[in-house]
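The values are calculated or read from the model by the stated rules, or taken from the named source; none is laboratory data. In this text, all values refer to a predicted model and were calculated from it rather than measured experimentally. A quick note on method: Cβ atoms are made from the backbone with ideal geometry, for glycine too, and the neighbour counts reach across all protein chains shown. We work out accessible area using only protein heavy atoms, side chains counted, and drop any ligands, DNA or RNA first. Shrake-Rupley method; radii C 1.70, N 1.55, O 1.52, S 1.80 Å.
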Amino acid sequence: MMNKLITIVLVALSLVSCKAPEARKPVTVKTGSFIDASVERNIKLNAQEKSSITKVMEQQPEMDFIASESGFWYYYNSKSEIDSLNTPNFGDIIDYNYNVKSLNGTLVYSKEDIQAQRYVMDKQELFTGLREGLKLMKTGETVTFLFPSQKAYGYYGDQNKIGSNMPLICEVTVLAIKENQSN
């Protein structure tokens, strides 16, 4: 009798324990609201920065500013007219120096602070605007770039002297370009 009772209890427990849990109903979340607000903030920020950069360019009518396809502006302080000099390609080694200023002209980092840099084109980290700007330059040229914050250090800044969403002016000189020998 005891064996039958134990068997019945075990069968009953196994039947009850096999019941699947009920599925939870999905939580309805309006996902687009945060993204929409972020997009709106970025549109306003970009418009403000473009307006500020335009004012800087208007204050220097003697400079021949060029709008890049990448969303920044620049002019040549010294331009190489020799056609034989090439702009850098993927993997080329570029030696350069530069300084960084805020849009009002205040020096943030001098060439001495930063010192000469060596960059392997598109194989190392470098902020977007400077990487794209170096692609336009030849050995011996000096170019002044006006970068909106999204082409510079963006929302985070450099965690030191460059703040959040800070447009920059960078004067860059390419000292040498060494062609990638593995091409």
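Key figures
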item	result
Unmet criterion (only one of (1) modelled with pLDDT of 95 or more; (2) closer than 27 Å to residue 180 by Cβ) for residue 85	(1)
Meets criteria (within 22 Å of residue 55 (Cβ to Cβ) and more than 15 Å from the chain's Cα centre (by Cα)) for residue 139	no
Out of 93, 35, sole residue that is touching a residue at least 40 places away in the same chain (Cβ under 8 Å) and within 23 Å of the chain's Cα centre (by Cα)	93
Residue 146 of a type in the set (A, V, I, L, M), modelled with pLDDT of 95 or more, within 24 Å of residue 45 (Cα to Cα) and in a helix (DSSP H, G or I)	no
Test: residue in segment 153-173 that is in a helix (DSSP H, G or I), under 21 Å from residue 50 (Cα atoms) and under 16 Å from the mean Cα position of the chain (by Cα)	no
Evaluation of residue 123 against (1) over 27 Å from residue 50 (Cα atoms); (2) open to solvent by less than 20 Å² (accessible area, probe 1.4 Å) (one fails), failing number	(2)
Residue 105 in contact (Cβ under 8 Å) with a residue 40 or more places away in the chain, over 18 Å from the mean Cα position of the chain (by Cα) and part of a loop (DSSP other than H, G, I, E, B)	yes
Filtered residue count, segment 117-132, keeping only those that are part of a strand (DSSP E or B) and not aliphatic (A, V, I, L, M)	3
Any hit, segment 133-142, residues being open to solvent by less than 20 Å² (accessible area, probe 1.4 Å), in a loop (DSSP other than H, G, I, E, B), touching a Ser or Thr at 6+ places or on another chain (Cβ under 9 Å) and over 22 Å from residue 106 (Cβ atoms)	yes
Residue under evaluation residue 35, criteria (1) surrounded by 10 or more Cβ atoms within 10 Å (Cβ to Cβ); (2) at pLDDT 80 or above, criterion not met	(1)
Residue under evaluation residue 45, criteria (1) hydrophobic (A, V, I, L, M, F, W, C); (2) open to solvent by less than 90 Å² (accessible area, probe 1.4 Å); (3) touching an Asp or Glu at 6+ places or on another chain (Cβ under 6 Å), criterion not met	(3)
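Residues are listed down the side, and each one gets a yes or a no for (1) open to solvent by 60 Å² or more (accessible area, probe 1.4 Å); (2) among the β-branched types (Val, Ile, Thr); (3) touching a strand residue (DSSP E or B) at 6+ places or on another chain (Cβ under 6 Å):
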residue	(1), (2), (3)
105	no, no, no
112	yes, no, no
147	no, no, yes
155	yes, no, no
166	no, no, no
